[in-house]
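Trainee: Have a look at this one.
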Amino acid sequence: MDFTSRAIAYCRPGFEKDLAAEFAAKCAKSGVAGQSHSTPDCGFVLHEFDAPLEEAQRVVAYDQLVFARQLIWVRETIDDLPEKDRLTPLMAAIGRLHGRFGRVWAETPDTNEAKTLSSFFKRFMPILESALHDNKRLFDRPDAPNLHLFFTSPKRVFIGTSDPSQASPWPMGIARLRMPREAPSRSTLKLAEAFFGLLSEDERKSSLRAGLKAVDLGAAPGGWTWQFAHRGLLVTAIDNGTMAESVRATGMVEHIRADGFVWKPPRPVEWMVCDMVEQPSRVAQLVAEWVASGRCRRTMFNLKLPMKKRHEALEQARNLIYRRMSVSGRDWTLRFKHLYHDREEITGYLAATK
Ligand SMILES: C[S@@+](CC[C@H](N)C(=O)[O-])C[C@H]1O[C@@H](n2cnc3c(N)ncnc32)[C@H](O)[C@@H]1O
């Protein structure tokens, strides 16, 4: 078979099969043949498409691959990078690409073995960047393509590109967020990352305004609640557990001890978020009901996926939401991502758009 274009998607080690299943489903749907290559826990999937680049780019996109932290289009591969002079062959390979780039990232899979390259990157990248500037291949334009050097070993590098509007904004697709001191749990970072990874800038501006109302189902100890409260939203936190003092101290939170699957707000709210550990199908039905019936305009939620059937559980949840929303009379949008701060779960965003 004549494969004519290649993509690499990065993922959390252990999720390669799920990512490959997504590539396979996208290819089957568009009638494009292809093949995925990965090894267990390697942290990425290389997919070959039997189609030219422009066609392959219509088959998959970063925001449609739930398990992808990043998606790059491979332009060149070097298998035998010499230890003594990596610059010359890299500059020669980059020289064969067209156009200019907004930024260059040296990246590895998210594995301990690959991360040993990071001290080399610290020394090498300023040298490479300055060579690219001298050759007028790098310029300061936020919308210019990203240039990725994806090292799978000290000798093997894939040189790829991505369009910033169709890519993670973070090197290696890893959201490096500072843990806020007043937030009570690390899961606060999950919602912070979701706001950046799943919402557009316009959506963030319009939906995270002071004075809007949010409901947090399964809120204790309050990491997610804190994300709203510190932005000035008024939060109703539903949980039989105890909310942290730092969250109550914001003065923006009403805590109600109740069952999150039963409690309903007296009036419609902007946001409902749900981090209750439950069957994904049950959570999917709950969030769809809230948006379909107009209890909330938008929701961010976690689905804890069963390890051996992640892709199937995700598709089942997606179908349940489709079914409920399609009889709601509303226009709506649904997005999923396996975020950096997610482990066995993925994060979903469902919103009524009209
Ligand atoms: C993973 S923790 C939530 C952590 C929270 N998002 C944070 O950032 O601090 C899950 C919470 O869901 C609550 N929970 C589970 N089932 C629930 C239910 N049926 N109704 C209300 N809360 C529930 C648990 O008490 C627990 O506090």
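Just so it is clear, none of the values below were taken in a lab; they were calculated from the coordinates. For clarity, every value in this text was computed on a predicted model and none was experimentally measured. Every residue, glycine among them, receives a Cβ derived from its backbone with ideal geometry; neighbour counts consider all protein chains shown.
Trainee: Among K122/K337; K155/K308; K26/K205; K205/K354; K309/K337, which pairs are too far apart, with a Cα-Cα distance over 22 Å?
Mentor: Over 22 Å Cα-Cα: K122/K337; K155/K308; K26/K205.
Trainee: Let me ask another. I'd like the projected area of region 1-81, averaged over all directions, using the convex hull of its alpha carbons. Report it in nm² with one decimal.
Mentor: Details: hull surface 21.7 nm².
In nm², the orientation-averaged hull projection of region 1-81 is 5.4.
Trainee: Moving on. Based on Cβ point charges of +1 for Lys and Arg and -1 for Asp and Glu, what charge dipole magnitude is obtained for the chain about its Cα centre, in debye rounded to the nearest 20? If you can, show how the numbers build up before the last one.
Mentor: Values: 51 positive and 43 negative charges, 171 e Å.
Its charge dipole is roughly 820 debye.
Trainee: When the Cα centres of region 1-67 and region 216-263 are compared, how far apart do they sit, in Å?
Mentor: 40
Trainee: Over the chain, what is the relative contact order in percent, taking alpha-carbon pairs closer than 8 angstrom and at least six residues apart?
Mentor: Working: 710 pairs, mean separation 47.1, N = 354.
Contact order relative to length: 13 percent.
Trainee: Regarding region 305-347, what's the average projected area of the Cα-atom convex hull, expressed in nm²?
Mentor: Working: hull surface 13.0 nm².
Hull-based average projected area comes out at 3.3 nm².
Trainee: Whole number please: convex hull volume per residue of the Cα set in region 188-352, in Å³? Show your work: numbers first, answer last.
Mentor: Working: hull volume 17.0 nm³, N = 165.
Hull volume normalised by residue count: 103 Å³.
Trainee: Only helical DSSP H runs with n ≥ 4 go in: add -39500 (n - 2.57) per run for the chain, normalise by residue count and round the 222 nm mean residue ellipticity to 500 deg cm²/dmol.
Mentor: On the way: 11 runs with 111 residues, N = 354.
The helix contribution divided over the chain gives -9000 deg cm²/dmol.
Trainee: I need to check one value: relative contact order of region 5-173, counting alpha carbon pairs closer than 8 Å and at least 6 residues apart, in percent. Don't skip to the answer; put the middle values down first.
Mentor: On the way: 322 pairs, mean separation 44.8, N = 169.
Over region 5-173, the number comes to 27 percent.
Trainee: What percentages make up the Cα-Cα pair-distance distribution of region 5-173 when the bins are 5 Å wide from 0?
Mentor: The distribution over region 5-173 is 1, 9, 18, 22, 21, 15, 9, 4, 1, 0, given as percents.
Trainee: Output ³J(HN,Hα) for region 257-272: one whole-Hz value per residue in order, computed from phi by the Karplus curve 6.51 cos²θ - 1.76 cosθ + 1.60 with θ = phi - 60°, and x for Gly and Pro.
Mentor: Result, ordered by residue: 7, 7, 7, x, 7, 10, 4, 10, x, x, 9, x, 10, 6, 10, 10 Hz.
Trainee: Semi-axes of the equivalent ellipsoid for the chain, please: Cα gyration tensor eigenvalues, times 5, square-rooted, ordered largest first, whole Å.
Mentor: Working: eigenvalues 312, 107, 64 Å².
They are 39, 23, 18 Å, listed largest first.
Trainee: If you restrict to DSSP beta bridges whose two residues both lie in the chain, what percentage is antiparallel, to the nearest 5?
Mentor: Values: 38 of 62 bridges.
That works out to approximately 60 percent antiparallel.
Trainee: Next question, about the same structure. What are the ³J(HN,Hα) couplings of region 213-226, residue after residue, when phi is run through the Karplus curve with 6.51, -1.76, 1.60 and θ = phi - 60°? Round to Hz, x for glycine and proline.
Mentor: With coefficients 6.51, -1.76 and 1.60, one gets 10, 9, 10, 10, 8, x, 8, 6, x, x, x, 6, 3, 4 Hz.
Trainee: Shifting gears a bit: Provide the per-residue ³J(HN,Hα) series for region 74-82, in order, calculated from phi with Karplus coefficients 6.51, -1.76, 1.60 and θ = phi - 60°, each as a whole number of Hz, with x at glycine and proline positions.
Mentor: The phi angles translate into 6, 10, 8, 10, 10, 9, 9, 4, x Hz.
Trainee: With springs only between Cα atoms under 10 Å apart, run a GNM on the chain and tell me which of G31, G218, G14 wobbles the most.
Mentor: Among G31, G218, G14, the largest GNM mean-square fluctuation belongs to G31.
Trainee: All other residues with a Cβ under 12 Å from the Cβ of P145 taken together, and with Lys, Arg as +1 and Asp, Glu as -1, what is their net charge?
Mentor: Details: positive: R75, R100, R103, R137, R141; negative: D143, D163.
With Lys, Arg at +1 and Asp, Glu at -1, the neighbours total +3.
Trainee: Using Cα springs under 10 Å in a Gaussian network model of the chain, which residue among D342, D239, D140 shows the largest mean-square fluctuation?
Mentor: D140
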